[in-house]
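As structure tokens, the structure follows; a few thoughts come after it.
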Amino acid sequence: MRILDERKLPWAVEWVELSSADMAARAIREMWTRGAPLIGAVAAHAQLLATRPTAVNLRWALDQVRDHIRNLPVAERAAAAFARADAICDGHVALNRAIGEHGLGLLEELHAHHPDRPLNILTHCNPGWLATVDYGTATAPIYMAHDKGMPLHVWVDGTRPRNQGALLTALELRGHGVPHSVIADNVGGLLMQRGEVDLVMVCTDRVTANAMCATRSAAI
């Protein structure tokens with residue numbers, strides 16, 4: 001498979017071909033590829049579990065592939081594993097599109113309260129397409145709203161520890177033509193205090209039915 005080397009972004013766009021399990025493990029461990037959903041999509045071998053044990057999608061994807069091929073003849077397992085990996089990727093695209101469609105209604109409702117100005121959204125970390133397979137998660141509604149002509153402005157948070165917001169989210173938004181400003185993490189609270197944030201959109205690893213979040217970074 002081919003992935004973007006996210007360590008080089010936004011200064012250079014370089015695609016890397018992963019031709020072995022060892023190379024895929026290195027790509028995850030050294031953060032050539034980031035974001036729990038995308039890590040899960042890249043993973044296809046049991047040895048990869050140790051590369052990023054905090055990424056819940058990694059274990060989930062590995063379990064999916066293992067269970068899919070467990071009872072197949074050995075000669076059929078490689079093709080079946082690749083097929084299951086493709087299905088995982090397609091599932092992410094559909095899921096992210098659904099997040100965008102549901103979130104779009106929320107943005108439209110909020111913008112109706114302030115139709116005379118852009119809707120100000122604060123993002124954290126990188127919940128965009130670079131962290132998933134396509135569309136992104138928390139940013140999917142932003143792109144759909146922008147494409148429908150809604151005036152938006154995004155405060156891009158996430159300048160530590162690896163600058164996922166400053167380097168990756170900002171790159172995505174710029175490429176899509178969405179107005180945005182990169183801010184230091186500590187500025188978010190001040191902007192909210194001043195009433196300059198209408199909505200905070202962040203990524204979480206898991207959200208339960210009662211809206212409790214589980215993530216490796218702060219999320220509310």
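Values in this text are rule-based calculations from the coordinates and carry no lab data. Since the structure is predicted, the reported quantities are computational estimates derived from the model, not experimental observations. All Cβ positions, even for glycine, are placed from backbone atoms using ideal geometry, and neighbour counts span all protein chains on display.
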Next on the checklist: Out of all DSSP beta bridges in the chain, what portion is antiparallel? Express it as a percent rounded to 5.
Outcome noted: 30 percent
Checklist outcome for this item: Longest principal axis of the chain (C-alpha) makes with the long axis of helix 56-69 (C-alpha) an angle, in degrees to the nearest 10, of 40 degrees
Item to check | Radius ratio Rg over Rh of the range 102-214, counting only Cα atoms, Kirkwood formula for Rh | outcome: 0.94
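Ranked from highest to lowest mean number of other Cβ atoms within 10 Å per residue, what is the order of the peptides 4-14, 94-104? Mind dumping the intermediate values first?
Working: 4-14: 14.1, 94-104: 16.5.
Top to bottom by mean Cβ count within 10 Å: 94-104, 4-14.
Over the range 102-214, what is the relative contact order in percent, taking alpha-carbon pairs closer than 8 angstrom and at least six residues apart?
On the way: 173 pairs, mean separation 34.2, N = 113.
The normalised contact order for the range 102-214 reaches 30 percent.
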Checklist outcome for this item: Checking Leu106, Leu152, Leu119 against a Gaussian network model of the chain (alpha-carbon springs below 10 Å), the top fluctuating residue turns out to be Leu106
Checklist entry - Between Glu14 and Asn186, how many nm apart are label points set 7 Å from Cα along the C-beta direction? => result 3.4 nm
Next on the checklist: Compute, for the chain, the length of the dipole vector about the Cα centre, with Cβ point charges of +1 (Lys, Arg) and -1 (Asp, Glu) only. Units Debye, rounded to 20.
Outcome noted: 640 debye
Item to check | Whole-Å distance, taken between Cα centres, linking the range 56-113 and the range 166-181 | outcome: 25 Å
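In debye, nearest 20: dipole of the range 102-214 around its Cα centre with unit charges on the Cβ of K, R (+) and D, E (-)?
Values: 7 positive and 11 negative charges, 52 e Å.
Value, rounded to 20: 240 debye.
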Checklist entry - How big is the chain on each of its three principal axes, counting only the C-alpha atoms and giving the largest first in Å? => result 63, 33, 29
Next on the checklist: Once you place label points 7 Å from the Cα toward the Cβ at Leu106 and Met23, how far apart are they in nm?
Outcome noted: 3.9 nm
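Please compute the length gained on full extension between His45 and Asp134, using 0.36 nm multiplied by the number of residues separating them and subtracting their Cα-Cα distance. Walk me through the intermediate numbers first.
On the way: separation 89, 0.36 × 89 = 32.04 nm, distance 2.26 nm.
Value of the extension gain: 29.8 nm.
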Next on the checklist: Sorting check: for 179-185, 192-198, 122-128, which peptide has the highest mean count of neighbouring beta carbons within 10 Å, and how do the rest follow?
Outcome noted: 122-128, 179-185, 192-198
Next on the checklist: Can you show me the helix-derived [θ] at 222 nm for the chain, built from DSSP H runs with n ≥ 4 at -39,500 (n - 2.57) apiece and divided by the number of residues, rounded to the nearest 500.
Outcome noted: -13500 deg cm²/dmol
Checklist outcome for this item: For the range 102-214, the charge dipole (Cβ of Lys, Arg +1; Cβ of Asp, Glu -1; about the Cα centre) points to a positive end, and the Cα of Thr208, Met144, Leu130 closest to that extreme belongs to Leu130
